[in-house]
Amino acid sequence: CQAKSGGLRDKPGKRPDYYHTCYALSGLSMAQHERDAEGKTVGNPQNLLRRTDPTYNASPGRVERAMGFFGRLSLPTVSA
């Protein structure tokens with residue numbers, strides 16, 4: 001459901017939007033990068049997307065940085 005003007009959409013007749021573009025490209029990235037495998041594409045190798053973490057929908061490097069940052073924070077205290 002790629003729009004000629006760019007972006008991806010839910011179904012024909014709908015306008016492309018960020019949500020469906022992100023959703024479709026994330027799924028394509030996961031399909032290209034099977035667990036512990038090099039990326040695979042059909043057609044032009046330039047179509048290979050960067051690896052996406054399936055849990056956080058972000059690049060593995062960004063997930064690692066976020067985990068490091070939030071892992072250093074202390075847990076808040078809850079007063080009764």
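The values are calculated or read from the model by the stated rules, or taken from the named source; none is laboratory data. Model, not experiment: these values are computed from the prediction. Positions of Cβ are generated from backbone atoms using ideal geometry, with glycine treated the same way; all protein chains shown enter the neighbour counts. Just the protein is used for accessible areas: all its heavy atoms, side chains included, with ligands, DNA and RNA removed. Shrake-Rupley method; radii C 1.70, N 1.55, O 1.52, S 1.80 Å.
Among the residues making up the range 48-69, those that are open to solvent by 90 Å² or more (accessible area, probe 1.4 Å), more than 20 Å from residue 19 (Cα to Cα) and of a type outside the set (D, E, K, R) are 67, 69.
Could you please find all residues in the range 1-54 being among the hydroxyl-bearing types (Ser, Thr, Tyr) and over 9 Å from the mean Cα position of the chain (by Cα)?
Step one: list which residues in the range 1-54 are among the hydroxyl-bearing types (Ser, Thr, Tyr), which gives 5, 18-19, 21, 23, 26, 29, 41, 52.
Passing the criteria: 5, 18, 19, 21, 41.
Taking the criterion of being open to solvent by 100 Å² or more (accessible area, probe 1.4 Å) and assigned to a helix (DSSP H, G or I), the only residue of the range 70-80 that qualifies is 70. Exactly one residue out of 31, 3 is closer than 22 Å to residue 58 by Cα, modelled with pLDDT under 90 and not aromatic (Phe, Trp, Tyr): that is 31.
Looking at 51, 62, can you tell me which residue is of a type in the set (D, E, K, R), touching a His at 6+ places or on another chain (Cβ under 9 Å) and either touching a residue at least 12 places away in the same chain (Cβ under 8 Å) or not in a loop (DSSP other than H, G, I, E, B) (or both)? Break it down stepwise before answering.
Numbers: 62 fails: touching a His at 6+ places or on another chain (Cβ under 9 Å).
Going through 51, 62 in turn, the sole match is 51.
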